[in-house]
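Before any comments, here is the structure.
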Amino acid sequence: MRQPTRQPGRTRVLEWSTRRLKEPSISGTGGLPRRYGGLHSGAGLQPVSGSGAFGGARSPKECVMLKVHVAATHPTSSIAPAPMAGEPDVPSDRPRHRVLPPPDVRIPLCRGQVRPRLLAALDRVLGVRLLVVAAPPGWGKTTVLAQWARQASVDVAWWRADPEPADPVADLLTGLAAALRPRCPRLARTPSLDELVAALDGIGDPVVIVIDDFESIADDRVGAVLERLLLATPDRVHVMIGSRVQPVLNLARSELPSLVVGARELRFRADEVAELFRAHGSAALDFDESHAVADETDGWAAALHLTLLASDTRGSRTRTPVLSDVIRHAGGYVDRTFIRGLDADELALLRATAPFETLLGEYGDEFAGLSGSEEVLARLVRRGVVIANPSGPGGSLPKVVRGHLLAGIAADEGRQGLERRFRAVGAFLSGRVDGSSGSVARTEAAAAARAWAAGGAWTEALALLTAHWRDVVDGELGWLREAPHDLAAHPLVRTALAEEAARRGNLRVARDLLEQGPSPDHPEAGATAARLDRFCRMWTEGDLQPDRRWFELLRSAVRRPNPDRAAALGGQERSVLALLEHVIAGDLTAARDGVARWRSQVTDPVLGCVFDLVDLALHPAARLDASDIAENGHDLGLPWVARLATGVSHRSTPDLIAADVASADARGDVWGALLLTLVRGYAELTARVPAGLVFEDAARRCRELDAPALEAWARSGLALADVGALLPDAAREAESAVGFAHSAQVPGALALARLALARSRPDPAMEDGAREELAELGVPFPDTERPLTGAGLATVVGDRTPPVSVKCFGGFRFEVGGSPADLNGVRPRARTLLRLLALHAGSPVHREVIADGMWPHLDAAAALHNLHVCISGLRTALEPGAARGANRLLVRDGDRYLLALPDGSECDVRSFEDDLVAADLACAGHSVDAAVLHLGSALDRYVGDLLPEDGPAEWVLPRREHLRGRAAEAALQLGRLHLECRRPDEAATAARRSIEIDGWRDAAWRLLIKACDSAGDSAEAQRARQGYLAVLTSLGVVDDAVSSVGPGGTARRR
């Protein structure tokens, strides 16, 4: 059956009064209804305008006028409007009799957040006969049902069951008749089932019957009536049920295809939590904070509402309320919704088993000494108090409800009494683990360790970690961060925390933890530590030969992609590695073919998650839901996958990606931050936003992580951004990007760089060729033929502008036209600004970067004022005769400022970096002489530290350290090349230069010793060994009295 498509954004609504919702309205409203009353068909009714999102609240007078209008235009309508909100009750002297209220057939107006994911899930009702939305109270069932009903593309008949039905079956028939009466006006007030079936047969269009609060009438008779109704009506009749309990229906009947949407689907995901906080006006949550809130509240709508209340109470400075604050606010709601109405057996079971993370009936009997706990637990599950475990036995309480029960125990028995309970649970579960096996035992081992820790029994928790290492470590490990200081240094705890840090993507912290002490003397833990150390070293230092594992071979791919490398593997890993190789190389056509061909073959959950992430990145209008991938990654214990999926989904909103990058940086996920920075750069380029600074940042990150293949993409993006901004050095940047991408063997980045080069010249033939390459590779290319929005230069540097000379190494020197610039009348802060811009000569610097670097303690307005004053002074000094707006050296580029490099100019920092790039290209092409020439040229330019007059200023210090390290490495590389060519004297000179630049570089000392030995200069070799030994001694690596340095530059221990 063809499914009608949703018509979003409807703006017509007939306002009826709405009664108070029973559940908190967190999910909010969707589109507006095109229908009204019970069956919402809306023929002939006029829209009513008003204020607010849906016409707004109306005065009593307006509501009365609306009722009169409806009565006048529809005198025979069987739909009787309910009394409007705000109308006064008319007193009467007549005695009041109990009158049964009319069936509630009005769709509630639910304001709040719309969740398209859930609306799409409910759309599936049109492909089945029955869809059940079942969850405990407060999960937003009514809200999402009302949202869906108000924007549905088919007729919707809504009925909310009365909470105190006199006869459930009669109430069902009466309610459905009232809901259908607008289309079936001759239906009796309480028709027979046959009459109801006949009425539905007479409706020729698809219709969805929505029954809310079904738990009020849920019994065997009602279930039988609904089954008979569905079996007797055509396929175009669908039923949607909202209930706290599972309806008594046979959902397995093949003739009645059905779906169930439960609490897991209804829970707020991390991205929805972030959107909820943004809509509420609270502090914006980053990726990790939104996941933390989602985890603490289980995504429970009512708990999130209470979280917002707690956030308001704690004030705007608090970004994420702690669970204790939520529990404090939740007490009354939990008591009313969950605790009140429980019988003595149910309440006893919950209090006795509250310290357990998972509830099993046998826990109540064996641990608490109760009886019949299995039946009581089943009753609690049916009533929606306990959420059934979808993958195993038992169930669990929402964390807020469990926390409320634990808080009650602590209030009654004190904190020590609560800890005693946790220790008793730890002992009970430990005994069960020792006597059983299988998946339940593995789960209980981890739960037992956490229970011991919650009870303060860390020694017992450590013993369990030792006895069941893999079972405990495979679970959640955040609780170990609360370990006492002396226990945190234990090798097993350090290794477990390193495992947790690696899962978050924080490889450097993981490696630091492993290096803080000896490896654990435990077979399984030792193997874990060795595996983690190799993995972290591979992806941070990158100095290991990759093994035949896909993620190690992938480390080679980010240096230089080679799709044939995957042939060394087999099965699923081969498919995943081949796919990633194609993506890195930029052959997106082959990557898309690989997704279509290989995805069905990948069954491993982790590899499947990676596959889905790549599929999402390859298809901007993805059929995949980024939220699904993020949730899957989070559930698998791979936060880095969830972070990347969230960032990729934000590609149409660069500001959100910027927040994702900041979140990754804050958590130490350097690879995630790099990839998201690249996504941000190309997103801004596509949105025609200046992206030069973003690509420069991406290129820097690539160099730090030794990822030349990814750097090729950053350089190509930078070239395109510079061309789009009409920067004077764009052609030079494009030429550099072409050479780098060619050396790194990244065809996609190479084609983009050629496109940038063709547009910078311009060269139509080259541009056509680049476009053809990109089309063949399937790489989308941004339109940079016109200046980027807000980024066009006010003036373009022309041929008449005199060249400049910028020297930053060893001290600042600035010349214009061959003569030193006269800066005598320039203020010190303006001179500092000139040095900052000179550090980035030829590239624009955003004004916020300048303000943060120079005036970090001033507010934005004051900092920008100072910036404008300094810019004005510099322009007057550098170009004293230039008219206003005609400056050619210090140019404004939107919100950025550029120190231009006209033709014939030189900048020692840029030339130094260009020489190093040329040397890398020469080494890649096995041209040793050319590499030696470029390395020597770079070292000639490096005459001292970068801008030493600026001392430890934050804006220069990181770049100074980076360039010093590159210079020392260049000298070391030059020495190695000389030694390979059997020129030991030149090698020794280069090694000394490396030591002069960075005296702590171990490899340079070893090279010097080796070169002196090769030259036969034993005295110089011995002096080098003594110097090396002094360095090692000062670092505490060896002791002068018990160590000596042997031939070849190696340290020998006695």
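The values are calculated or read from the model by the stated rules, or taken from the named source; none is laboratory data. Note that the structure is a prediction, hence the values are computed from the model and not measured. Positions of Cβ are generated from backbone atoms using ideal geometry, with glycine treated the same way; all protein chains shown enter the neighbour counts.
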For the range 572-591, state whether one or more residues are outside the structural domain of Ala749 (by TED's automatic domain parsing), part of a helix (DSSP H, G or I), touching a residue at least 60 places away in the same chain (Cβ under 8 Å) and not β-branched (Val, Ile, Thr).
no
Could you please tell me which pairs satisfy a Cβ distance under 9 Å, a separation of 6+ or placement on different chains, a first residue in the range 169-182 that is small (Gly, Ala, Ser), and a second residue that is part of a helix (DSSP H, G or I)?
Ala177/Glu195; Ala177/Leu196; Ala177/Ala199
When (1) more than 30 Å from Val273 (Cβ to Cβ); (2) small (Gly, Ala, Ser); (3) surrounded by 16 or more Cβ atoms within 10 Å (Cβ to Cβ) are applied to Ala596, the one that fails is (3)
Are any of the residues in the range 522-531 part of a helix (DSSP H, G or I), within 17 Å of Gly668 (Cβ to Cβ) and in contact (Cβ under 8 Å) with a residue 12 or more places away in the chain?
no
So if I check each of Leu867, Leu874, Leu898, Leu836, which one is at pLDDT 85 or above, in a helix (DSSP H, G or I) and within 19 Å of Pro802 (Cα to Cα)?
Leu874
Scanning the range 106-134 for residues that are of a type outside the set (D, E, K, R), under 27 Å from the mean Cα position of the chain (by Cα) and part of a loop (DSSP other than H, G, I, E, B) gives Gln113, Val114
Just one listed residue, out of Ala292, Ala301, is modelled with pLDDT of 70 or more and touching a strand residue (DSSP E or B) at 6+ places or on another chain (Cβ under 7 Å), and it is Ala301
Number of positions in the range 739-771 that are surrounded by fewer than 24 Cβ atoms within 10 Å (Cβ to Cβ) and of a type in the set (A, V, I, L, M, F, W, C):
4
Condition check: of a type in the set (Gly, Ala, Ser) and within 30 Å of Ala121 (Cβ to Cβ). Does Gly594 satisfy that?
yes
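Quick check on my filter: what residues within the range 386-416 are under 20 Å from Thr307 (Cα atoms), of a type in the set (A, V, I, L, M) and in contact (Cβ under 8 Å) with a residue 60 or more places away in the chain?
Val400, Val401, Ala407, listed by residue number.
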Options Ala424, Ala348, Ala410, Ala378: the member that is under 22 Å from Gly242 (Cα atoms) and hydrophobic (A, V, I, L, M, F, W, C)
Ala378
Take the residues in the range 544-574 that are crowded, with 17+ Cβ neighbours inside 10 Å and small (Gly, Ala, Ser); name whichever of them is farthest from Pro708 (Cα to Cα).
Ala566
Go through (1) under 29 Å from Ala744 (Cα atoms); (2) without any contact (Cβ under 8 Å) to a residue 12 or more places away in the chain; (3) of a type in the set (D, E, K, R) for Asp635 and report which single condition fails.
(1)
Which of the helices (runs of 4 or more DSSP H) found entirely inside the range 668-787 contain at least 2 residues meeting this: farther than 19 Å from Glu913 by Cβ and touching a residue at least 24 places away in the same chain (Cβ under 8 Å)?
670-686, 708-724, 747-760, 764-777
Which listed residue, of Ala664, Ala658, Ala645, is crowded, with 24+ Cβ neighbours inside 10 Å and over 11 Å from Asp288 (Cβ atoms):
Ala645
Name the helices (runs of 4 or more DSSP H) wholly inside the range 374-485 in which the number of residues that are within 30 Å of Phe214 (Cβ to Cβ) is 2 or more.
399-434
All conditions in (1) modelled with pLDDT under 90; (2) buried (at least 23 other Cβ atoms within 10 Å of the Cβ) are true of Ala712 except (1)
Limited to the range 137-167, what total is found for residues that are within 14 Å of Leu126 (Cβ to Cβ) and of a type outside the set (D, E, K, R)?
7
Any chance you could count how many residues in the range 214-246 are under 37 Å from the mean Cα position of the chain (by Cα) and farther than 14 Å from Leu176 by Cβ?
5
Inside the range 536-562, the number of residues satisfying the requirement of being part of a helix (DSSP H, G or I) and in contact with a Leu (Cβ under 9 Å, 6 or more places away or on another chain) is 12
Filter the range 842-852 down to residues that are closer than 18 Å to Val806 by Cβ and not hydroxyl-bearing (Ser, Thr, Tyr) and give me whichever is farthest from the chain's Cα centre (by Cα).
Gly842
Would you check which residues across the range 488-521 are of a type in the set (A, V, I, L, M), without any contact (Cβ under 8 Å) to a residue 40 or more places away in the chain and surrounded by 16 or more Cβ atoms within 10 Å (Cβ to Cβ) and list them?
Ala488, Leu492, Val493, Ala496, Leu497, Ala498, Ala502, Ala510, Leu513, Leu514
From Arg221, Arg228, grab the single residue that is basic (Lys, Arg), over 24 Å from Arg124 (Cβ atoms) and touching a residue at least 24 places away in the same chain (Cβ under 8 Å).
Arg221
Just to be sure I understand the filter: pairs with C-beta atoms under 9 Å, separated by 6 or more residues or on different chains, first member in the range 824-843 and touching a residue at least 60 places away in the same chain (Cβ under 8 Å), second member part of a helix (DSSP H, G or I) and among the β-branched types (Val, Ile, Thr). Which pairs pass?
Leu836/Val849; Leu836/Ile850; Leu837/Ile850; Ala838/Val909; Leu839/Val909; Ala841/Val909
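Quick check: anything in the range 1000-1019 of a type in the set (Lys, Arg), modelled with pLDDT under 90 and within 48 Å of the chain's Cα centre (by Cα)?
Scanning the range 1000-1019 turns up at least one residue that is of a type in the set (Lys, Arg), modelled with pLDDT under 90 and within 48 Å of the chain's Cα centre (by Cα).
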Cβ pairs under 6 Å, 6+ apart or interchain, first in the range 533-546 and free of Cβ contacts under 8 Å to residues at least 40 places away in the same chain, second small (Gly, Ala, Ser) and surrounded by 14 or more Cβ atoms within 10 Å (Cβ to Cβ), ordered by first then second residue, are Cys536/Ala510; Pro546/Ser556
Somewhere in the range 636-656, is a residue assigned to a helix (DSSP H, G or I), closer than 24 Å to Arg896 by Cα and aliphatic (A, V, I, L, M)?
yes
